[in-house]
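The values are calculated or read from the model by the stated rules, or taken from the named source; none is laboratory data. All of these numbers come straight from a predicted model, not from anything done at the bench. Note that we place each Cβ from the backbone using ideal geometry, even for glycine, and neighbour counts take in every protein chain shown. Accessible surface areas use protein heavy atoms only, side chains included; no ligands, DNA or RNA. Shrake-Rupley method; radii C 1.70, N 1.55, O 1.52, S 1.80 Å.
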Amino acid sequence: MENIMEVAGLKKSFGKNIAIKDVSFEVKKGEVFGLLGPSGSGKTTTIKILTGELSKTAGKVTVLGMDSSQIGTADFKSKVGILSDNSSLYERLTIYDNLKLFCKLYRAPLQQIDVLLREVNLHEERMKTVSKLSKGMKQRVLLAKALIHKPKLVFLDEPTSALDPGNMAHIHRGLLKLNEAGTTIFLTTHNMEEANSLCDRVAFLHEGEIVELDDPDELRYKHSTHDFHIETYEGERLVIKNTPDNADRIKELIVYNRVKSMQTDKPTLGQVFLKVTGEELV
Amino acid sequence: MNIQRISAIFEKDIKDFMKNMMLLMMPLIPIVLALLYKQMSNGEEFPIYFLYLNVGIAYSSVTSTCMMTMMAEENEKKTLRGLIQSPASMVDILVGKSLVVGLITFVSLTVSLAIIGSDPLLNGKAILALILLFLFFLFLGIGIGLFSKSISATSAYTMPVMLLFGFTPILGSLQLDEDGIIMTITDTFPIMQAIELHEKSSWVPLGIIAGWVLAAALFMYICFKKTMTDD
Ligand SMILES: Nc1ncnc2c1ncn2[C@@H]1O[C@H](COP(=O)(O)OP(=O)(O)OP(=O)(O)O)[C@@H](O)[C@H]1O
Ligand SMILES: [Mg+2]
């Protein structure tokens, strides 16, 4: 598949503080790519470099076939959608007026406002002043803002961090629909379930470096111990190593009809992250 | 520069201005002051320096202060980031805002001058001076607005701008020593030069005002370059 984004040997330092040591990855056209890492690992910094908000210290970055000199130009900006971590809206204006501004700046037709407000479940509230909205509602307006010009590539920096589970699920469905329609999504999160259910591939960012990059299922399989987790009818829970010398024991449990359930170990993405980095995601 | 984007910014900022109590107070200041003077004047005509005091108050409290405050708020509330991520350029953003501030200034100045009398200012040279003075205060406001990270930070700059450049004509009425150091320096200030225009037939004062505008433009340009290259 064609690459929509290529990053090679990316490095960024703020004075003496090295935020990104050496990051390389590719994002394929049409995929949902997740950049995962704990607070301070460099997720936002990476997005800012990819969108031209920050300059890089070293490395090569290509986005939508444009190199660093073209990233950040008006032409580039009109082709990508960005939801940044602490961006905000005009508090005194209505939802509609906020979106109208961006509709005009991106030269999108004004009908898009209603289309997107329906998508994010805020059509009824369109004339409400932003200062009267909850955090989750604001986040949904910001998401609508990022998508107003139907970009082919969107950057979402922690898109669901302020949302309750119901809203989160709603946004997830919307993002998957968007992705099915052909939009490439680059997102950051520290929510492992979100990454697991949304992303085609994830990269683990740890202290400015990528320590793992793969399909979430693949990662969970790869880091599995493949131990058997067995629950017996007597209520006993056993963990039996998947080795040839344990075969008789497992066979015996099955033959004597003691096995109520049996699974092989499959760690959650969060557990994989912990194992790889020795660091809890917060 | 892009007309559609400028008009989008203009539309947003004028709506926002109309809903911002703090900013709405500013254009009222020169108007309320003009009404007060009018009350106290018992029908006499106002001296020229007085009209320019009004101009100075309008330009410093409306043009410069509103501009700084609007930009500082965009910085403080992180809304500027959204604009910068969009295809709008910083120039589009600044021009859109300047048009809003220009319109509000125009209304405030016209109303307040209508109250205290605007006749002496209705000639080509004086109007040119008024336009140049507007640009001077606008550029000053933009320059300061570019590096102000919060609204509270701008108040530290509002006072000096008002006192130094807005209220300069008051010095003339304080009966300070004409040849003293303070008067010699402040006499070259933009508003004082506009007053000079009415006392001499020379074009030199206009040239000096134009010099101030250039200096303010340079200041704005330096602030612009600095904020654009900041990480
Ligand atoms: N403008 C800046 N100046 C100096 N240091 C910075 C700047 N921006 C980020 N950093 C540093 O770079 C590192 C990475 O920060 P970044 O914001 O990219 O982390 P993050 O992964 O997005 O974290 P979070 O999950 O909290 O959003 C941190 O150590 C941070 O202190
Ligand atoms: Mg971040």
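Of all residues in segment A:36-57, those being within 22 Å of B:T227 (Cα to Cα), more than 9 Å from chain B (Cβ to nearest Cβ) and surrounded by fewer than 18 Cβ atoms within 10 Å (Cβ to Cβ) number 1.
Can you pull out the residues in segment B:187-207 that are β-branched (V, I, T) and crowded, with 19+ Cβ neighbours inside 10 Å? Selection gives B:I191, B:I195.
Kindly establish whether B:L28 is over 21 Å from A:G72 (Cα atoms) and away from every other protein chain (no Cβ under 14 Å). Steps first, please.
Numbers: over 21 Å from A:G72 (Cα atoms): yes; away from every other protein chain (no Cβ under 14 Å): yes.
Yes; evaluated as a whole, the condition is true for this residue.
Assess whether A:R201 counts as being at pLDDT 90 or above, away from ligand 1 (no atom under 16 Å from the Cβ), under 30 Å from A:E26 (Cα atoms) and touching an Asp or Glu at 6+ places or on another chain (Cβ under 6 Å). Yes; evaluated as a whole, the condition is true for this residue.
Reported count of residues in segment B:23-54, each being open to solvent by 80 Å² or more (accessible area, probe 1.4 Å) and in contact (Cβ under 8 Å) with a residue 60 or more places away in the chain, is 4.
Of the residues screened, B:V91 is one that is within 14 Å of chain A (Cβ to nearest Cβ), open to solvent by 20 Å² or more (accessible area, probe 1.4 Å) and in contact (Cβ under 8 Å) with a residue 24 or more places away in the chain. Does segment A:11-28 hold any residues that are surrounded by 15 or more Cβ atoms within 10 Å (Cβ to Cβ) and either part of a loop (DSSP other than H, G, I, E, B) or within 16 Å of ligand 2 (Cβ to nearest atom) (or both), and which are they? Result: A:K12, A:A19, A:I20, A:V23.
Please return the ranges of strands (runs of 3 or more DSSP E) entirely within segment A:204-282 where 3 or more residues are of a type in the set (A, V, I, L, M).
Numbers: elements: A:209-214, A:228-232, A:237-240, A:259-264.
Qualifying strands (runs of 3 or more DSSP E): A:209-214, A:237-240.
Condition check for A:I82 on (1) within 20 Å of B:M90 (Cβ to Cβ); (2) more than 16 Å from ligand 1 (Cβ to nearest atom): one failure, at (2). Hey, can you tell me all the residues within segment A:143-161 that are closer than 26 Å to A:L64 by Cα and open to solvent by 20 Å² or more (accessible area, probe 1.4 Å)? A:L147, A:H149, A:K150, A:K152, A:E158 - these are the residues of segment A:143-161 that are closer than 26 Å to A:L64 by Cα and open to solvent by 20 Å² or more (accessible area, probe 1.4 Å). Tell me which of these A:V282 doesn't satisfy, since it passes every other one: (1) modelled with pLDDT of 85 or more; (2) open to solvent by 100 Å² or more (accessible area, probe 1.4 Å). Of everything listed in (1) modelled with pLDDT of 85 or more; (2) open to solvent by 100 Å² or more (accessible area, probe 1.4 Å), A:V282 misses just condition (1).
Condition first: within 14 Å of another protein chain (Cβ to nearest Cβ), assigned to a helix (DSSP H, G or I), away from ligand 1 (no atom under 16 Å from the Cβ) and surrounded by fewer than 18 Cβ atoms within 10 Å (Cβ to Cβ). Can you find one or more residues in segment A:125-133 that meet it? There is at least one residue in segment A:125-133 that is within 14 Å of another protein chain (Cβ to nearest Cβ), assigned to a helix (DSSP H, G or I), away from ligand 1 (no atom under 16 Å from the Cβ) and surrounded by fewer than 18 Cβ atoms within 10 Å (Cβ to Cβ). Listed by first and then second residue, the pairs with beta-carbon distance under 7 Å, at least 6 apart or on different chains, first residue in segment A:71-91 and open to solvent by less than 50 Å² (accessible area, probe 1.4 Å), second more than 16 Å from ligand 2 (Cβ to nearest atom) and charged (D, E, K, R), are A:S88/B:K77; A:L89/A:K138; A:Y90/B:K12; A:Y90/B:D16. When A:I47 is tested against (1) touching a helix residue (DSSP H, G or I) at 6+ places or on another chain (Cβ under 7 Å); (2) under 23 Å from A:G136 (Cα atoms), only condition (1) is not met. Does segment A:67-88 hold any residues that are more than 7 Å from chain B (Cβ to nearest Cβ) and more than 16 Å from ligand 2 (Cβ to nearest atom), and which are they? The answer is A:D67, A:S68, A:S69, A:Q70, A:I71, A:G72, A:T73, A:D75, A:F76, A:K79, A:V80, A:G81.
Residue count for segment B:3-17, restricted to those that are over 11 Å from A:K104 (Cα atoms) and at the interface with another protein chain (Cβ under 8 Å from one of its Cβ atoms): 2.
When A:R140 is evaluated against the numbered criteria (1) open to solvent by less than 30 Å² (accessible area, probe 1.4 Å); (2) away from ligand 2 (no atom under 16 Å from the Cβ); (3) within 14 Å of chain B (Cβ to nearest Cβ), which criterion, by number, is the only one it fails? Every listed condition holds for A:R140 apart from (3). If the condition is being assigned to a strand (DSSP E or B) and within 15 Å of ligand 1 (Cβ to nearest atom), then segment A:29-58 contributes A:G34, A:L35, A:L36. Candidates B:I57, B:I104, B:I127, B:I116: the one that is free of Cβ contacts under 8 Å to residues at least 60 places away in the same chain and touching a helix residue (DSSP H, G or I) at 6+ places or on another chain (Cβ under 8 Å) is B:I127. Here is the figure for segment A:96-112: residues that are surrounded by 21 or more Cβ atoms within 10 Å (Cβ to Cβ) and more than 13 Å from chain B (Cβ to nearest Cβ) total 0.
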